[in-house]
Amino acid sequence: MPSLKDISKKLGLSTATVSRALNGFDDVHPKTRARVEEAARELGYVANRAAKLLVSGKSNIICLIADLELVRKTRDAGSPDFLELISRLSCELAERGFDLVFSVKSPNETAVAKYQDMIKRGIVDAFIVGAPTQDDPRIAFLEEVDFPFVVHGLPPVGTDLPFVSVDNVQIVRDPLHALLDLGHSHIVFVQGPPNTTHAVQRCDTFREVLGEAGLTADERMIILDGDNGSKLKSQLLGLFSGRLGPKPTAIMCGSLALAQACSDVLDELGLNVPSDVSLVANDDGGDPVRLDPRTHDLCRTYFDWSDTSGPLAEVAIEISQKGMKPGPSQRRNLACEMIFGRSIARPNPGLGGEA
């Protein structure tokens, strides 16, 4: 098994310099570090993790703790394959000399307790915190104990933390501008749980874009708990009855699963897409097989959530080595694609009273 001495002999460097280069110390010149890393690969050198931890205080381990119930819910809703994301993230970290520890929080265990346990073990350099909420106890705890972490998604409003997320502003702006350009002004906006950080930002953007167009958002048309199927149906029935004001002529949904739920209600009302109601959604790369074929030709924003794995690995490694210094390199808003399906058209004058 090749050792540090073998690398130092090959390059004519001291073992101390080789060690510091492989452990990422800033006092090693980048060209020297590159030479050392290349020689290590050529010789097939594999670091002794225990020795590395003693020397540098770093384990090169990134930890992601998932909520079992949340994983099940996203799977059943046709959201991205969590195993695919974990697998890609593990590969991205491995290519950079890091390992991923994946742990699952059981239903009878608190999230904070799980993080406390991992920190006490002393084998983790940084955490990845997924599915953030506006008042997230995990984030509050990690900030309090000053332990490195990156948010997978948007951090809570009012905080300045490292994160990797799809651009939620673009997710709203692009399709909303398309609807406004067609003449729609009575638009239902459906999102998931109201306490999620992405739902908060998307709603704020929805109101902002309408304001820029000279319109005031009708708060009755903003549905923040769309995941509650019975409540969503009740609210949509009330809006399309006309008793709450002008009938909607378009619906914007935060996911393909929500678009399907809205399609089911429109079917019951005898309304067709797009001749009666335009329908747009955000597609985060979920499994379309789980969804109704009608959702396949939607006008939608598209971003495969598993594509966050590369940037997420980069930011997690950076904060584990250099600490949390939020800047462009530690705040990644990834652009989505706008796909114009055949689910939008000019508003039907018989519904919302629009010309």
Close pairs from region 129-141: first within 8 Å of G153 (Cβ to Cβ), partner of a type in the set (S, T, N, Q), Cβ under 8 Å, at least 6 apart
A131/T196; P132/T196; P132/T197
Just to verify a result, which residue in region 140-168, among those that are within 13 Å of the chain's Cα centre (by Cα) and outside any loop (DSSP other than H, G, I, E, B), is surrounded by the most Cβ atoms within 10 Å (Cβ to Cβ)?
V150
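Residue-by-condition table, conditions (1) in contact with a Ser or Thr (Cβ under 7 Å, 6 or more places away or on another chain); (2) open to solvent by less than 30 Å² (accessible area, probe 1.4 Å); (3) more than 27 Å from N23 (Cβ to Cβ); (4) at pLDDT 85 or above:
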residue	(1), (2), (3), (4)
K73	no, no, yes, no
E84	yes, no, yes, no
F98	no, yes, no, yes
P107	no, no, yes, no
A131	no, no, yes, yes
D136	no, yes, yes, yes
With the requirement that a residue be among the small types (G, A, S), part of a helix (DSSP H, G or I) and at pLDDT 85 or above, what does region 109-129 give you?
A113
Tell me which residues, restricted to region 21-42, are in a helix (DSSP H, G or I) and closer than 21 Å to D99 by Cβ.
A21, L22, R33, V36, E37, A40, R41
Within region 240-286, can you find the residues that are in contact (Cβ under 8 Å) with a residue 24 or more places away in the chain and among the basic types (K, R)?
K247
Filter region 191-242 for residues that are closer than 20 Å to V169 by Cβ, out of contact with any Lys or Arg (no Cβ under 7 Å at 6 or more places or on another chain) and among the hydroxyl-bearing types (S, T, Y) and give the result.
T196, T197, T216
Within 21 Å of L312 (Cβ to Cβ) and in contact (Cβ under 8 Å) with a residue 40 or more places away in the chain: is that true of I123 in this structure?
yes
Based on what the data block shows, is S320 under 17 Å from F163 (Cα atoms), open to solvent by less than 20 Å² (accessible area, probe 1.4 Å) and modelled with pLDDT under 90?
no
Note down all Cβ pairs under 9 Å where the first residue falls in region 306-334 and is over 22 Å from V124 (Cα atoms), the second is of a type in the set (D, E), and they're at least six residues apart or on different chains.
S306/D81; S306/E84; R332/E314; N333/D167; L334/D167; L334/D307
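The values are calculated or read from the model by the stated rules, or taken from the named source; none is laboratory data. Since the structure is predicted, the reported quantities are computational estimates derived from the model, not experimental observations. All Cβ positions, even for glycine, are placed from backbone atoms using ideal geometry, and neighbour counts span all protein chains on display. Side chains included, ligands, DNA and RNA excluded: accessible areas come from the protein's heavy atoms. Shrake-Rupley method; radii C 1.70, N 1.55, O 1.52, S 1.80 Å.
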